[in-house]
Each structure stands twice: as C-alpha cells, then as structure tokens.
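Here is the structure we will look at.
The values are calculated or read from the model by the stated rules, or taken from the named source; none is laboratory data. All figures in this text were calculated on a predicted structure; none of them were measured in a lab. We place every Cβ from the backbone using ideal geometry, glycine too, and count neighbours over all the protein chains shown.
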Amino acid sequence: MKFSPAKENILKKIRQALSTSVPVPFPQSEGNNSVFQQSEEELEVKFAEEFSKLQGKFVYCANEKEAVQNLIALAEAKQWKEIYCRETLLKETISKNGFTNFSVQDLAAADAGITTCELLIARTGSIVLSSAQESGRTVSVYAPVHVCFAYSDQLVYDIKDGLQQLKEKYAGQIPSLITFATGPSRTADIEKTLVVGVHGPREVFCFLIDK
C-alpha cells in the first residue's frame, strides 16, 4: 500500500520511536502501590467524613436494634408512608427489631427504598452495590430516598481494595453491574446550576452498624 509523503513521514517517526527504548522519567511511580496512602484515621471516621461532605446522611449504630430504632424515628420525622425493601434477610432483621412498615409492593410508589450493600469505600465515601444483591439494580436509584444498612466489617480503604474483595467473593463470576454510589444524585449540566436528585435519590442515608 502506497502512502502520501506526509503520512509516510509520520509512520517513519513512529517506527523509529518504537525501536528506541525511552527511559521512564519517574521510575518510582511504577509498581503496585496505591497512589493514595491509607489515612491514620479509623475507617469508620474516614468514611463518615467523606460521605457527609457529599451530602450523605451518616448514622452510626451500636447494633441492629439501635439501627432500626433510628430508622423508625427517621420514617416518622420524614412522614414516610410507603417504604420498599425486597431483600429477605434485611426485611427479617428490621422486622424482628420492631419495624414492619413495608406496606408498598410497587417501587415507583415508594417514599424510600432500603438496601444492604457490598462494601463501603472510606477514601471516597462511596457505597458499593451490585446486581448480585437481592435488591437488584433499581432499588438504590429509583426511590427518591435510599437508606443503606451496612456493617463495619464491610469497610475498606480504597476502590482497589473493594474490587479485590469482590473478585475473591465471586470467584471469577463478577456481577454484571457494580455501582459506586457516592452521595445523592446530582448534576450541573443545565446552566452549571447544581441540582440534586435528577438521576437518582435526592437523599442517601447510611446506617453503619458496629460488628
């Protein structure tokens, strides 16, 4: 194939560059070490700080009973009439501790949706969810308010730590969807004005249960 003189000149330069080894200017930057060094703060504190910066509402709970008591108080304060939860074990945990107000079967009519999560990322204040959870793909994003029940042993420092845990947990059968939910849905696409709750929940609560 014959190329024009200009294109041939470009290809010649590329071949020369490929044939000549160029030293890495910053050899210390290569390797498997994370760019972000782990904070000396406890993971619970770090997550709470970052999650709150993103307008998330963080609630620390000593046990499941305390978490449900906080949920009851929150539902009363917000006057939630319809609450959606499709995770069997989570519903059992919440119900046995005194909350049974799961009166809605249609997610579209819910005031709030309650889920568990896969992990929590302390450095970014993110909740990690996947399609492998019983709640599926929609509960955490379709309801106007997302309430997540999580446990302290689900905390990891960075995203790479979380991905590694998911690889080990699912042993090569990674879920088709992994979501890093970092605070309420927000966008500034329209006239650079920040709007909350456009593509997902306008409020996100994380009830972190000590374990």
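General remarks:
- Condition broken by C61, with the remaining ones in (1) crowded, with 18+ Cβ neighbours inside 10 Å; (2) without any contact (Cβ under 8 Å) to a residue 40 or more places away in the chain; (3) more than 25 Å from S131 (Cβ to Cβ) satisfied: (2)
- Checking each residue in segment 127-144 for being in contact (Cβ under 8 Å) with a residue 60 or more places away in the chain and of a type in the set (S, T, Y) picks out only S140.
- Residue list for segment 92-111, restricted to those being farther than 15 Å from F207 by Cβ, part of a helix (DSSP H, G or I) and modelled with pLDDT of 90 or more: E92, S95, K96
- Test: residue in segment 112-122 that is in a helix (DSSP H, G or I) and either surrounded by fewer than 17 Cβ atoms within 10 Å (Cβ to Cβ) or in contact with a helix residue (DSSP H, G or I) (Cβ under 9 Å, 6 or more places away or on another chain) (or both): no
- When segment 145-164 is filtered for residues that are touching an Asp or Glu at 6+ places or on another chain (Cβ under 7 Å) and not polar (S, T, N, Q), the ones remaining, listed by number, are V145, L155.
- Among residues of segment 143-183 being small (G, A, S) and surrounded by 17 or more Cβ atoms within 10 Å (Cβ to Cβ), the one that is farthest from the chain's Cα centre (by Cα) is A143.
- In segment 73-97, the residues that are under 16 Å from Q133 (Cα atoms) form Cβ pairs under 7 Å with partners that are at pLDDT below 95 and assigned to a helix (DSSP H, G or I), at six or more places apart or across chains, as follows: Y84/L107; Y84/V139; C85/K91; R86/V139.
- Taken over segment 1-56, the criterion of being aliphatic (A, V, I, L, M), out of contact with any strand residue (DSSP E or B) (no Cβ under 8 Å at 6 or more places or on another chain) and either modelled with pLDDT of 75 or more or not in a loop (DSSP other than H, G, I, E, B) (or both) is satisfied by A6, I10, L11, I14, A17, L18, V45, L54.
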